[in-house]
1. How many lysine pairs does the chain hold where the Cα atoms are under 28 Å apart and the two sit 8 or more places apart or on different chains?
2. Taking springs between alpha-carbon atoms closer than 10 angstrom, which of V298, V216, V132 fluctuates most in the Gaussian network model of the chain?
3. GluC sites (Glu not before Pro), restricted to region 90-181: which are DSSP loop and have at most 15 other Cβ atoms within 10 Å?
4. Using 0.36 nm per residue of separation minus the Cα-Cα distance, give me the extension gain between L383 and R275 in nm, one decimal.
5. Within the set of other residues whose C-beta is less than 13 Å from the C-beta of Y367, count the net charge using Lys and Arg as +1 and Asp and Glu as -1.
6. If a helix is a whole DSSP H run, which ones in the chain reach 27 Å or further along their own axis (Cα) and hold a mean Kyte-Doolittle hydropathy of at least 1.0?
7. Within the chain, what's the longest run with no trypsin sites (Lys or Arg not before Pro) in a DSSP loop and at most 12 other beta-carbon atoms within 10 Å? Give the range, please.
Amino acid sequence: MFLVLLEIVLLVVTGVILGYLCWLSILALLMRNQEIPGINPVRRFAVVIPAHNEETGIEQTLRSLSAVDYPRELYTLIVIADNCTDRTAEKARACGATVYERFDQTHRGKGYVLRWAFDLLLPQHPEYHAYVVVDADSVVSGNFLRVMDHYIGKGSEAVQSSDMVAPNPGAWSSEVTRLGFTLYNHVRPLGRKRMHCPAGIRGNGMCFSSGVLRRVPWSTYSLNEDLEYGLLLLLHGILVDFAPEAVVRATMPVKTRQAESQRARWEGGRFPIIRRYGPVLLAQAVKKNSFRCFDAFVDLITPPFVNIFGFAGMLAMANLGLLWAGVASAGMYVILWFVVLLFGFLHVVLGLIAAGADPGLYRALFYIPRYALWKVYLYRKVLYRGWSKEWIRTSRDQVLTHPGNE
């Protein structure tokens, strides 16, 4: 009886999560990008680029930002060279960026860098209407600042662009990550936009009005500082708007050894945030009858898609084995688990259609079994060594070679 109740609970929880993801993909299919009017912009932006030993990619990032379709006198490129031991600062200055060098071996990580930058810039530069944050290994679409100007102009105080990964055909690790980013950073926020729910902060290609940074100073320093700050904004009643019309693309590590630290940081850094904010979000959802808080709670506790889909698949196969062994009651569970798997399948397929995915993303689906085995290997290492509690820069083999203009 205990095992039956346990399976029912697992079936309901897994079904609700994958069913909800499927619903978000359906809503994303119904969304259309806004028309960005071609009016003369007047708002000034500070584009902040945190950089730690990024000499191989910083020039391309700055060239991309310098080429956007926005009056050059209305935005400033600001590189925060954080604890750099290479030529990042020198190369950034040569590209015309304003460079601030920061040296602090105690307070390391992007959260501390952003707080340091905002504390420095906000009092000295009241002329900036908003601040954009772009990673130093990225390129942006040509319309990026015009889109941000449009959203800030219509009243948005925090905006998240479509945070994507640059294509790298043949590199299975990078391509599977690109697939995951497409679903997590584009499709799901697009569905949430249809429900008027916050998109959340993804860390790259985000924009904040100067006013919101003064009211809710950046104060998150965890391994997932972007996710945490987005939740802080929500708890302060500030909606993070999603701007799918603007795109930022970052490089991802090609070698699996380089990807291990990044993946462990992303997933391990989520647990402390779940413990800290999960109960608060759920309490606010009940107390204030807030669907937005409930949606954020569901998003926060949702495991990585490969994990939950693989878990559902294993239980479906286990019940199928019991059915073949003569346990007739397992037949109903086989059907229910395959319905749950169908929800996950539809989330991926409908999501890729909604995102207008290129053929390479569909081919990346064939890498998923290999990726799942790699994650099992990664978790085995993590169980032996423990989750990393310190930010470590992820090494990369390449820089982007396309302009990223849309």
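Every number in this text was worked out from the coordinates using simple rules, so none of it is lab data. The structure presented is a predicted model; accordingly, all values stated were derived computationally and were not measured. Because the Cβ atoms are built from the backbone with ideal geometry, glycine has one as well, and the counts that use them run over all protein chains shown.
1. Lysine pairs meeting both conditions in the chain amount to 16.
2. Looking only at V298, V216, V132, the largest GNM fluctuation is found for V216.
3. Listed in order of number, the matching sites are E127.
4. Working: separation 108, 0.36 × 108 = 38.88 nm, distance 1.94 nm.
Contour length minus the Cα-Cα distance gives 36.9 nm.
5. Details: positive: R178, R363, R370, K375; negative: E175.
Charge balance in the 13 Å sphere: +3.
6. For the chain, where a helix must reach 27 Å along its axis and average at least 1.0, the hits are 2-30, 305-324, 330-354.
7. 155-287
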